[in-house]
1. Which shape class applies to region 10-129: rounded if a/c is under 1.5, otherwise prolate when a/b exceeds b/c and oblate if not, where a ≥ b ≥ c are the square roots of the Cα gyration tensor eigenvalues?
2. How do 242-254, 96-108 rank on mean C-beta neighbours within 10 Å, highest first?
3. Counting only protein heavy atoms, what percent of the accessible surface of region 309-400 is carbon or sulfur at a 1.4 Å probe?
4. When ranked by the protection proxy of mean other Cβ atoms within 10 Å per residue, highest first, what sequence do the peptides 4-16, 263-275 form?
5. Where a Cα-Cα gap under 29 Å defines reach, which lysines qualify for Lys71, not counting those fewer than 8 residues away within the same chain?
6. Once the other residues with Cβ under 10 Å from the Cβ of Ala70 are scored (Lys, Arg +1; Asp, Glu -1), what is the net sum?
7. Calculate, for region 299-416, the solvent-accessible area per residue in square angstrom, rolling a 1.4 angstrom probe over the heavy atoms of the protein chains.
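The values are calculated or read from the model by the stated rules, or taken from the named source; none is laboratory data. Computed from a predicted model, the values in this text were never measured in an experiment. FYI the Cβ positions are ideal-geometry reconstructions off the backbone, even for glycines, and counts take in every protein chain you see. Areas reflect the complete protein model, heavy atoms only, side chains present, ligands, DNA and RNA absent. Shrake-Rupley method; radii C 1.70, N 1.55, O 1.52, S 1.80 Å.
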Amino acid sequence: MANEIWTIKRCLEWTKEYLAERGEEHPRLSAEWLLCAATGLARIDLYMRMDETLNAAQLETMHAAVVRRAKGEPLQYITGSTQFRMIDVACAPGVLIPRPETEMLVEEVLNYLDAEVLSPEAAARQRVELPWNDEVEEARKAEAALADERATAERRAANLTAADEAALGSDVLGSRAYAEELADREAEEAAAQAAEAEVAEAAESELDEYGIAIEGADQETASAQDAASPAPAEPRIARVLEVGCGTGCISLSLAWERRGHVTCTATDIEPRAIDLATKNRDALGLTSDEVAFSLTNLVSSIPREEWGTFDVLVSNPPYIPTDVMRSLPHEVKDFESDLALEGGADGLDIFRRLLNAAPYMLRAGGLFACELYEGALDAAAELCRQAGLSDVRIVRDLTDRPRIVRAIVTEPKQRQ
């Protein structure tokens, strides 16, 4: 086999068949992922370079990866990374793999911050690539090109002679006529603006009893108005507390998508999670001032002086009920950490502790948001109401299952 020629095409087909025989649900997709990791190519490049031959190192990497996948190990652990919203996130055994549902949790937090905390300028969203973005972008480019073409024609037409117009035809004549009309219109608008400015200046001048403008009156009035007007407020920096950060995907996405306007403090009880989250932060070029990770149990490491200062407490805590743990897919229950999954008899053990901490950590009007097991959302919402939180809502995920509970702390507490 070592002397055989293995092209990308042959390796892709062989891997697909091998994994399918062993019960892989999506064998071609898995084969593509593994080949991309082994070769460093994007999925589309695999199909552009089907006849290329894999070298010895790539074949060895691919062989080891296929063996691990055939045993049920998650692709994200084998390839070492996954995509989460706008960022790439490193993954490793012992740390929960980010899920699409958690991307929605980030979206809920961003919607709250944009509406309730950040200025309109800070809330300007970075562009998230969606399936239809390319079509919109093409339409925008076509519209811009048409506008540029029209403007160029107008500029040229304005400088053409009658002979030029006769030689080039009616389209240019139309462009010239439009250009002349536009020039006349701009001249009229400029004259009108100048007249309005003179009227406004005369109206602002303070006159004496003889109708003569009093010198310095305008400056004094302006100074008085400036003194009466409050200075613009400094832009708010939103403060987010995340509990159970795992790979760091939630806090890193928030800080990345609203960079300069959001800072995050994130905790986890698992040392491997803190190490991996720090690695992901460094890979993004974010600093510890933007996202600070802390190895601790829930909120134990939060300094007393920071209690009540956070705008958001967000968490994707362990939430799988104990009985449900036994029925999880093989690649989840046998490879991902129980510590990051199991949430007690009803899946709400950690949630209850977070709900108890929320009024102490959040300012008045702060957001408490958690991702939870689909069968526990109604109970979680009721617990929020009993705890005195307001505006309690349940958010459904991409498969229309209840997935997120969010509520507002109206009466913060101070521990004596």
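1. Since a/c reaches 1.5 and a/b is larger than b/c, the shape of region 10-129 is classed as prolate.
2. Details: 242-254: 27.6, 96-108: 19.8.
The most tightly packed comes first, giving 242-254, 96-108.
3. Ligands and nucleic acids excluded, carbon and sulfur give 50 percent.
4. 263-275, 4-16
5. Candidates past the 8-residue exclusion: Lys9, Lys16, Lys279, Lys333.
6. Values: positive: Arg22, Arg68, Arg69, Lys71; negative: Glu21, Glu24, Glu73.
So the environment of Ala70 carries a net charge of +1.
7. Ligands and nucleic acids excluded, the result is 48 Å² per residue.
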